[in-house]
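Okay, structure first, notes after.
The values are calculated or read from the model by the stated rules, or taken from the named source; none is laboratory data. The shown structure was predicted, so the numbers you read here are calculated from the model rather than taken from an experiment. Neighbour counts are summed over all protein chains in view; Cβ atoms, including those assigned to glycine, are modelled from backbone coordinates with ideal geometry. We work out accessible area using only protein heavy atoms, side chains counted, and drop any ligands, DNA or RNA first. Shrake-Rupley method; radii C 1.70, N 1.55, O 1.52, S 1.80 Å.
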Amino acid sequence: MKQKNTFYLATALVIGLFAFKIADSTLFEFAYPKRNGTTFTLASSRFKKFKKEWRGTDYYYYAEQDGFICSVLYYKLNDDEKLQLVDALKVAIGGPDISSAYPFAYFSNYSKLKAMERNNEDWGAPTDDFMYRQNNVVMDGANFAQKNMYGYAMLGKDLFVNVHLSKVACSSADSVEMRAILTSLTVKK
């Protein structure tokens, strides 16, 4: 019983400290350049500044601080990808033109780390602005484990968004912080 009370006290302390840290958060704004309706925000006290770069027709943001990594990928669909990844799925499930389920399905199924992903957990609904996923990446035969969390959105009929957070040797407090960062994701209407 004493061990259980200690656990609850420790959990409450971590949440309390993190709530204090949220008050010091910076609100970062992301957008696909020169295109309306693609802006969303993320709150975090962890990161200072994001690097930005074009990758063909995709746009990429990246920041790293104290072992935490955050990246944002605006993945621009070409006409064939729109047919395959949106229109075909829309017909198959009777879905809407725009849904967070489409990028969720794409990035979950075509992850480069899929073979090493363990303890997958998904949440959110296809009608939400973002759907979410988390897992641990474990390299068999090596002492390597990385916590990964993702937020997926669709902003327009041809633009997928993948927000990725990761940390090696992730503690429970780190995991709570990463989850709070994802919870802060807000599409600007």
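Mind grabbing the accessible area of I93 for me, 1.4 Å probe, Å², rounded to tens?
Per-residue accessible area (I93): approximately 110 Å².
Output the Cα-based Rg and Dmax of the stretch 61-110 in Å, rounding Rg to one decimal and Dmax to a whole number.
In Å, with Rg to one decimal and Dmax whole: 14.2, 44.
Leaving out ligands and nucleic acids, note down the accessible area per residue over the chain with a 1.4 angstrom probe, in whole Å².
In whole numbers, the chain has 57 Å² accessible per residue.
Could you check how much of the accessible area of the chain is carbon and sulfur, as a whole percent, using a 1.4 Å probe?
Answer for the chain: carbon and sulfur cover 56 percent of the accessible area.
Could you give the dipole magnitude of the chain about its Cα centre, charging the beta-carbon of Lys and Arg +1 and that of Asp and Glu -1, in debye to the nearest 20?
460 debye
With all protein chains present, calculate the accessible area of E121 using a 1.4 Å probe and round the result to the nearest 10 Å².
70 Å²
If you take the alpha carbon radius of gyration of the stretch 51-158 and divide it by 2.2 N^0.38 Å, what ratio comes out, to two decimals?
Relative to the rule-of-thumb radius for its length, the stretch 51-158 sits at 1.17.
Could you list log10 I(q)/I(0) for the chain at q = 0.10, 0.13, 0.20 Å⁻¹, which the Debye formula gives when each Cα is one point scatterer?
-0.45, -0.74, -1.49
How many angstrom lie between the C-alpha centres of the stretch 98-126 and the stretch 144-165?
Their Cα centres are 8 Å away from one another.
Which chymotrypsin sites (Phe, Trp or Tyr not before Pro) in the stretch 66-131 pass both tests, a DSSP loop state and at most 12 other beta-carbon atoms within 10 Å?
Counting only loop positions with at most 12 other Cβ atoms within 10 Å, the chymotrypsin sites (Phe, Trp or Tyr not before Pro) in the stretch 66-131 are Y110.
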